[in-house]
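Notes to accompany the following structure.
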Amino acid sequence: MKERLVLVGNGMAGVRTLEELLKLAPQEYEITVFGAEPYPNYNRIMLSPVLAGEKSIDEIILNDRRWYEDNGITLHTGDPVVEIDRVNRKVIAQSGLEVPYDRLLLATGSNPFIIPVPGSDLPGVIGFRDIADVDAMLEAAKTGNKAVVIGGGLLGLEAANGLQLNGMDVTVVHLMDILMERQLDRPAAEMLRKSLEEKGLKFLMETQTAEVLGEDHVTGLRFADGEEIEADLVVMAVGIRANMDLAQKAGLYCERGVVVNDTMQTYDPRIYAVGECVQHRGECYGLVAPLFEQAKVAANHLAKMGIARYEGSVTSTKLKVTGIDLFSAGEFNEEDGDETLVLQDPAQNVYKKLVVRDNRIRGAVMFGDTMDGTWYFQLLREGTDISGFRSSILFGQHDLGDAGHGDETRVAALSDDAEICGCNGVTKGDIVNAIQTKGLFTLDDVRAHTKASASCGSCTGLVEAILSSTVGEGYEEKPSKKPVCACTEHSHDEVIRAIAEHELKDMRAVFDFLEWKTPDGCATCRPALNYYLLARWPEEYHDDPQSRFINERAHGNIQKDGTYSVVPRMFGGLCTPSDLRAIAEVCEKYNVPEMKVTGGQRIDLFGVKKEDLPLMWKDLSDAGFVSGHAYGKAMRTVKTCAGKKWCRFGTQDSTGLGVQLEELTWGSWMPHKFKLAVSGCPRNCAEATIKDFGVVCVDSGYELHIGGNGGIKVRVTDLLCKVDTEEEVLEYCGAFTQMYREEAHYLERTAPWVERVGLAYIKERILDDEEERKALYERFKIGQKVAQVDPWKARAEGEAAHEFVPLKISA
Amino acid sequence: MTDWKKIAPLEDIPRLGSRVVEIEDGSIAVFRASDDQVFAVRDACPHKNGPLSQGIVAGHTVTCPLHNWKIDLESGEALGPDEGCTNTYAAKVEDGIVYVQL
Ligand code: SRM
Ligand SMILES: Cc1cc2nc3c(=O)[nH]c(=O)nc-3n(C[C@H](O)[C@H](O)[C@H](O)COP(=O)(O)OP(=O)(O)OC[C@H]3O[C@@H](n4cnc5c(N)ncnc54)[C@H](O)[C@@H]3O)c2cc1C
Ligand code: SF4
Ligand code: FES
């Protein structure tokens, strides 16, 4: 028999948990849902637009009754649960109905806080929480004229705006001297109040309510200073209190909410809780984004997968008042040790403030221009080191100088024929059109339908901006964890951790353990998993060629006509006449249509037929060449300059050191491609400061630079440190490389990785901790024992022959 | 008339992989899925003729190596928002031998 799951609270967090659970384990439970309200699950957030007349109730239903039926869920609406009998494991509803459970999920949300002053129980005094409240407000607007909203926070202002749009004369009474003090600093709050006053709202600041006046219905308010005001309707929006009566009565441990651990479990292991009724690590949340993250975690455990953890959330806020752009996130009031970056343009009514500590964003407040809010929020959540673009950060993401887009200003100001994606020739008009006609909401949708940002990705910021300006302030959900791909819920970090901690040593084990949703994975996740397994278990894991992109499977770059290119390795760019002769002969023998000196200091042979590859490799191998891995997410090249041996400025043997580095690192598989360079002096002819690992020789030793990148988005390296000897260069290089191999996400180059984890963290592991550095270097060398087998030679000798030989029809 | 042509023993095609078969007017790609079902399609992507045989196979689909279109091996049709179709040929396994109808 199936186990029984009962959900108490038919609201946003609870039902989201069920949706997540059904995705993971559709058959696990027989599910019963109790809701106190007479409706199926609706989008509570949208009550504000409903009140403002911008949406109807029908439009905000999230799961209609059909949905419950289709998923075999028994739904009891309008029947609150009044008791949980934990001993006999059943719930008892107001109607007397009793339902037994094996697992119970509490998602009872919260209640509006009603200030306990005389008269607060009079008819006409309401909160702003559910459909019934909205109905009451709309009803009051038909007969009465004067409304007072107590509370100048998010909810209060949205209520006030809605009531005013319904023709009421609205006054907002607020205890503090600025509005939304929990989300805004003073300048932004002042700008907000001015804008709302221009819309016709009135404010009584620093005003404390002492009494609600009226006999059998509210007629007004009296304040602490004795002043009075008339009112036909009073909306209390001064805060919410977790709705935990039921849990408390059942003896579950509660503080300000029902206390749960990182798996969303209460003190009774059979009972889980999510949503506003919950207190996790001392925090209660009142916004949906964190609740949806909780829902994912609870579902994971209810589905008995047992690996997800909820570790708390940082939240961001937008005000849903049409015509007012406001954004706030994190710690927006600076404390000791914080720095603030501010941009203020009173003429444009724009204000932006970032609170920064150690070059990481801690908080953001924006008014008037919130286009970059999501970007700042992402930098904040990911803890990105902003030192590289700090001086221009307030001007927004579009100002960051992606190749080809550097000068573009506001996307809104772009004409429809402006090319957004240079790779696929997609214009702004194409994107807007696709969003509108196909109803797209996410970046992935836009990628799939238009191909914009689907190739090199440098236009991603612009596409996101177009998306947000086209879809508008609509309700968007941005999980802080990005799954690897649609085959799984798990992020790269979770996969990496699971492979190590649970000793998963082949792909099947990963699929099974992490409950992959597709039997074979897909072209996105399989190469990533193959890499992670290889990097973690170099000596045990058997590489899976079918999970490699064709370039890595065939050990050449596939060309547009289906032929391949061949790039033999030339260590440090050095070569001899006989090397060049051998290459020349190979080219003649196999009719190579074109040769070219590459940007990586070696020679590319284009247009080779796949069948010829092993033969050609044999000849190259006989002449002493190994694969250049020009095709791989792997160590590519070590560029060098002339150096001390010849150059009149050279301080060290840059060429020789480059050869040593290439001998150390060749063959290594990486999360992304990895390039090195060694320059003999600070003139830096080998361009070492835009490489993943660059060495600049100086008279007194070697400067080591990391995290550089040419290509799509140029990033100059960070200086890691200076060392004295070549041995140290090799050791630091090996350690840094190994750290990147173990910790970066697949397809994340060192530049974004260094920005994500921060230079300080890397220094901590590689400079400050000698033991750790040596251990990393040691692990790198162990991996290299397996990796430094030339794939070309192996194939010339017959490995994977089927890859290169077409089949013939035999009969 | 089309005939069942004998191609090769099943184990000559790697699971989740393919082999190219040359025919008079081009090539066909014969795929072997993880469930050991086989599929034959013209080795040319409906987008820009990319060699589908070189793509990554998952389920009964292959992802083209050139620009990542995903092609349904059963119908030859591009999946998702992309539009286009490549020829398919009937394929079967009998006594461990792969046959394609040409
Ligand atoms: C052959 C070469 C151009 C040349 O003739 O000089 C080349 C050719 C390709 N580059 Fe490159 N890159 C070549 C040097 C570079 C350089 C210069 C360098 O290494 O000093 C850069 C900028 C430096 C850098 O990487 O930071 C460079 C930045 C890129 C990028 C952008 C990388 C980035 O992180 O932004 C890509 C796209 C990618 O890897 O995703 C790319 C991708 C490619 C690919 C592999 C495109 C592809 O995925 O099929 C090209 C293969 C052509 C072919 O069919 O063979 N190529 N590419 C160079 C080979 C060097 C070598 O000997 O291995
Ligand atoms: C007007 C308004 C605007 C908002 N705007 C935003 C916004 O812009 N952005 C944002 O992120 N968040 C916003 N929120 C907050 C967001 O709606 C809540 O955080 C979210 O709905 C909480 O989800 P929940 O499941 O915990 O609680 P709820 O959605 O309140 O669900 C709890 C349900 O449990 C029911 N219940 C309670 N006790 C029992 C019982 N004993 N038996 C059975 N059922 C019971 C309740 O009736 C309720 O239906 C807004 C909220 C309101 C009211
Ligand atoms: S070689 Fe590099 S720059 Fe040139 S077209 Fe190919 S990817 Fe673009
Ligand atoms: S040729 Fe296949 S996706 Fe472009």
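Tell me the angle of helix A:373-382 to the major Cα principal axis of chain A, expressed in degrees between 0 and 90 and rounded to the nearest ten.
Around 70 degrees separate the two axes.
Measure off 7 Å from each Cα along the Cα-to-Cβ vector at residue A:724 and residue A:177, then give the distance between these two points in nanometres to one decimal.
6.1
Taking H placed 1.01 Å from N in the peptide plane, check which residues at least 5 places from residue B:87 or on another chain put their amide H under 5 Å from its amide H.
When sequence neighbours closer than 5 places are left aside, the close amide H contacts are B:42.
Taking amide H positions as placed 1.01 Å from N in the peptide plane, with prolines and chain starts having none, which residues 5 or more places from residue A:678, or on another chain, fall under 5 Å of its amide H?
It is A:639, A:640, A:641, A:695, by chain and number.
Let me know the mean shielding of A:773-784 by other chains, meaning the per-residue number of their Cβ atoms within 10 Å of its Cβ.
On the way: counts 0, 0, 0, 0, 0, 0, 0, 0, 0, 0, 0, 0.
Counting other chains' Cβ atoms within 10 Å and averaging over A:773-784 gives 0.
Where in segment A:604-640 is the amide nitrogen less than 17 Å from a point lying 7 Å along the Cα-to-Cβ axis of residue A:595?
Residues A:604-609, A:616-626, A:628 fall inside that zone.
Express the relative contact order of segment A:290-358 as a whole percentage, based on alpha carbon pairs under 8 Å and six or more residues apart in sequence.
On the way: 66 pairs, mean separation 13.2, N = 69.
Taking the mean separation of contacting Cα pairs over the length of segment A:290-358, I get 19 percent.
Please name which of A:213, A:239, A:195 has its Cα lying farthest along the dipole of segment A:181-240 towards the positive end, using unit charges on Cβ (Lys, Arg +1; Asp, Glu -1) and the Cα centre as origin.
Of A:213, A:239, A:195, it is A:195.
Using a simple charge model, +1 on the beta-carbon of Lys and Arg, -1 on the beta-carbon of Asp and Glu, nothing else, what dipole does segment A:151-239 show about its Cα centre, in debye to the nearest 20? Please list the in-between numbers first.
Values: 7 positive and 17 negative charges, 89 e Å.
Computed charge dipole of segment A:151-239: roughly 420 debye.
On full extension of the chain, what length is gained from residue A:713 through residue A:61, given 0.36 nm per residue of separation minus the C-alpha to C-alpha distance? Kindly include the intermediate steps, with their values, before the conclusion.
Numbers: separation 652, 0.36 × 652 = 234.72 nm, distance 4.34 nm.
Using 0.36 nm per residue and subtracting the Cα-Cα distance, I get 230.4 nm.
Using the Karplus equation 6.51 cos²θ - 1.76 cosθ + 1.60 (θ = phi - 60°), what ³J(HN,Hα) coupling, rounded to whole Hz, does each residue of segment A:598-613 give in order, writing x for Gly and Pro?
These are the phi-based 3J(HN,Hα) values: 7, x, x, 6, 7, 10, 9, 10, 8, x, 8, 6, 4, 4, 7, 3 Hz.
Evaluate peptide A:520-526: per residue, the Cβ atoms of other protein chains within 10 Å of its Cβ; return the mean as an integer. Can you show the working numbers first?
Numbers: counts 11, 5, 7, 11, 4, 1, 4.
Counting Cβ atoms of other protein chains within 10 Å of each residue's Cβ and averaging gives 6.
What FRET efficiency, computed as 1/(1 + (r/R0)^6) with R0 = 25 Å and r the Cβ-Cβ distance, is obtained for residue A:304 and residue A:1, rounded to the nearest 0.05? Intermediate values should be presented prior to the final figure.
Details: r = 16 Å, r/R0 = 0.64.
Once the sixth-power term is evaluated, E becomes 0.95.
I'd like to know how the protein assembly as shown sits against the 2.2 N^0.38 Å rule of thumb: what's its Cα Rg over that expected value?
Numbers: Rg = 32.1 Å, N = 913, 2.2 N^0.38 = 29.3 Å.
Compactness ratio reported: 1.09.
Arranged from highest to lowest average of other beta-carbon atoms within 10 Å per residue, in what order do the peptides A:214-221, A:17-24 appear?
On the way: A:214-221: 16.4, A:17-24: 20.9.
My ranking of the peptides, most packed first, is A:17-24, A:214-221.
In a GNM of chain B with a 10 Å cut-off on Cα contacts, which of B:41, B:21, B:30 has the highest mean-square fluctuation?
B:21
How big is the antiparallel share of DSSP beta bridges in the protein assembly as shown, given as a percent to the nearest 5? Kindly include the intermediate steps, with their values, before the conclusion.
Details: 99 of 141 bridges.
Around 70 percent of the beta bridges assigned by DSSP in the protein assembly as shown are antiparallel ones.
I need the phi-derived Karplus couplings for segment A:549-561: 6.51 cos²θ - 1.76 cosθ + 1.60, θ = phi - 60°, integer Hz, Gly and Pro marked x.
Karplus values, whole Hz, x for Gly and Pro: 4, 3, 4, 7, 6, 9, 6, x, 8, 5, 9, 5, 9.
Straight distance only, please: which lysines reach the Cα of residue A:249 with their own Cα at less than 17 Å, same-chain residues fewer than 8 apart left out?
Output for residue A:249: A:90.
For a paramagnetic label modelled at 7 Å from the Cα of residue A:216 toward its Cβ, which residues of segment A:109-124 fall within the zone defined by backbone nitrogen distances under 19 Å?
Hits in segment A:109-124 for residue A:216 at 19 Å: A:119-124.
Which whole-Hz ³J(HN,Hα) couplings does segment A:258-263 yield from phi under the Karplus relation 6.51 cos²θ - 1.76 cosθ + 1.60, θ = phi - 60°, glycine and proline marked x?
6, 7, 10, 9, 5, 9
Can you show me the helix-derived [θ] at 222 nm for chain A, built from DSSP H runs with n ≥ 4 at -39,500 (n - 2.57) apiece and divided by the number of residues, rounded to the nearest 500. Please list the in-between numbers first.
Working: 24 runs with 247 residues, N = 811.
After summing the helix terms and dividing by residue count, I get -9000 deg cm²/dmol.
How high is the FRET efficiency from residue A:111 to residue A:445, r the C-beta distance, R0 25 Å, rounded to 0.05?
Numbers: r = 37 Å, r/R0 = 1.49.
Step by step, r from the Cβ atoms, then E = 0.10.
Run the numbers for residue A:348 and residue A:663: contour at 0.36 nm per residue of separation, minus the present Cα-Cα distance, in nm. Show your work: numbers first, answer last.
Working: separation 315, 0.36 × 315 = 113.40 nm, distance 5.86 nm.
107.5 nm is the gain from fully extending residue A:348 to residue A:663.
Need one value for B:15-21: mean number of C-beta atoms belonging to other chains within 10 Å of its residues' C-beta atoms. Before the final figure, lay out each step's value.
On the way: counts 3, 7, 5, 3, 5, 8, 4.
So the per-residue partner count for this stretch is 5.
D for chain B, whole µm²/s, Stokes-Einstein with Kirkwood Rh over alpha-carbon pairs at 20 °C and 1.002 mPa s: what number?
Answer from the Stokes-Einstein relation: 161 µm²/s.
Exactly which trypsin sites (Lys or Arg not before Pro) in segment A:267-343 are in a DSSP loop and have at most 15 other Cβ atoms within 10 Å?
Numbers: sites: A:270, A:281, A:296, A:304, A:309, A:318, A:320; in loops: A:270, A:281, A:304, A:309, A:320.
Those satisfying the criteria are A:270, A:281, A:304, A:309.
Taking amide H positions as placed in the peptide plane 1.01 Å from N, state which residues far from residue A:172 in sequence (5 or more) or on other chains have amide H under 5 Å from it.
Residues meeting the criterion, in which the H sits 1.01 Å from N, are A:149, A:202, A:203, A:204.
Which FRET efficiency value, to the nearest 0.05, is calculated for residue A:770 and residue A:491 with the Förster distance at 41 angstrom and r the Cβ-Cβ distance? Each step should come with its number before you reach the end.
Details: r = 32 Å, r/R0 = 0.77.
For R0 = 41 Å, the calculated efficiency reads 0.85.
Mind putting a number on the dipole of chain A about its Cα centre? Charges go on the C-beta only, +1 for Lys and Arg and -1 for Asp and Glu, and I need it in Debye to the nearest 20.
Working: 90 positive and 126 negative charges, 510 e Å.
That gives a dipole near 2460 debye.
How far is helix A:525-536 tilted, in degrees, relative to the longest principal axis of the Cα atoms in chain A, given as a value from 0 to 90 rounded to the nearest 10?
70
Filter the chymotrypsin sites (Phe, Trp or Tyr not before Pro) in segment A:287-365 to those in DSSP coil with at most 14 other Cβ atoms within 10 Å of their Cβ, and list the result. List each step's numbers first, then the result.
Details: sites: A:292, A:310, A:327, A:332, A:351; in loops: A:310, A:332.
Here no loop site has a sparse enough neighbourhood.
Give, rounded to the nearest 20 debye, the magnitude of the charge dipole that segment A:61-112 has about its Cα centre when Lys and Arg contribute +1 at Cβ and Asp and Glu contribute -1 at Cβ. Spell out each step's value before the answer.
Details: 6 positive and 8 negative charges, 28 e Å.
About 140 debye.
In whole Å, what is the distance between the alpha-carbon centres of segment A:183-211 and segment A:598-645?
When both Cα centres are located, 68 Å separates them.
Got a sec? Charge dipole of the protein assembly as shown, +1 on Cβ for Lys and Arg, -1 for Asp and Glu; which of A:312, A:613, B:17 is way out at the positive end?
The residue sitting most towards the positive pole is A:613.
Pairs of Cα atoms under 8 Å, at least six residues apart: use those to get the relative contact order of segment B:1-89, whole percent.
On the way: 172 pairs, mean separation 17.7, N = 89.
After rounding, I find 20 percent.
What order, most packed first, do the peptides A:522-534, A:373-385 have when packing is the mean number of other Cβ atoms within 10 Å of each residue? Write out the running numbers ahead of the final one.
Numbers: A:522-534: 22.8, A:373-385: 20.2.
Highest to lowest by the protection proxy: A:522-534, A:373-385.
Please give me the summed charge of the neighbours of residue A:62: other residues whose Cβ is under 10 Å from its Cβ, Lys and Arg +1, Asp and Glu -1. The partial results should precede the final answer.
Working: positive: A:16, A:44; negative: A:19, A:64.
Residues near residue A:62 contribute 0 overall.
What distance in nm separates the two pseudo spin-label positions at residue A:270 and residue A:391, each 7 Å out from Cα along the beta-carbon direction?
6.5
Putting +1 on Lys and Arg Cβ atoms and -1 on Asp and Glu Cβ atoms, find which of A:359, A:337, A:286 reaches farthest to the positive end of the dipole of segment A:278-391.
Result: A:286.
Could you name the aspartates and glutamates whose alpha carbon sits less than 12 Å from that of residue A:142, not counting residues in the same chain fewer than 8 places away?
Partners found: A:232.
For segment A:525-638, what is the relative contact order in percent, using Cα pairs closer than 8 Å and at least 6 residues apart in sequence?
Values: 136 pairs, mean separation 34.0, N = 114.
Dividing the mean separation by the residue count of segment A:525-638 yields 30 percent.
How far is it, in nm, from the label point at residue B:87 to the one at residue A:227 when both lie 7 Å from their Cα along the line to the Cβ?
8.5
Which stretch or stretches of segment A:749-793 have amide N atoms under 18 Å from the point lying 7 Å from residue A:357's Cα along the Cα→Cβ direction?
Answer for segment A:749-793: A:758-761.
Compute the separation of the alpha-carbon centres of segment A:743-811 and segment A:19-96 and state it in Å as a whole number.
When both Cα centres are located, 49 Å separates them.
Any of A:596/A:763; A:560/B:5; A:645/A:675; A:304/A:505 with alpha carbons more than 32 Å apart? Name them for me. It would help to have the intermediate numbers written out before the result.
Numbers: A:596/A:763 39 Å; A:560/B:5 30 Å; A:645/A:675 23 Å; A:304/A:505 22 Å.
Over 32 Å Cα-Cα: A:596/A:763.
Every read-out reported here was derived from the displayed coordinates using simple, explicitly stated rules and does not represent laboratory data. The structure displayed is predicted, hence computed values, not measured ones. So basically every Cβ, Gly included, is an ideal-geometry build from the backbone, and we count neighbours across all protein chains shown.
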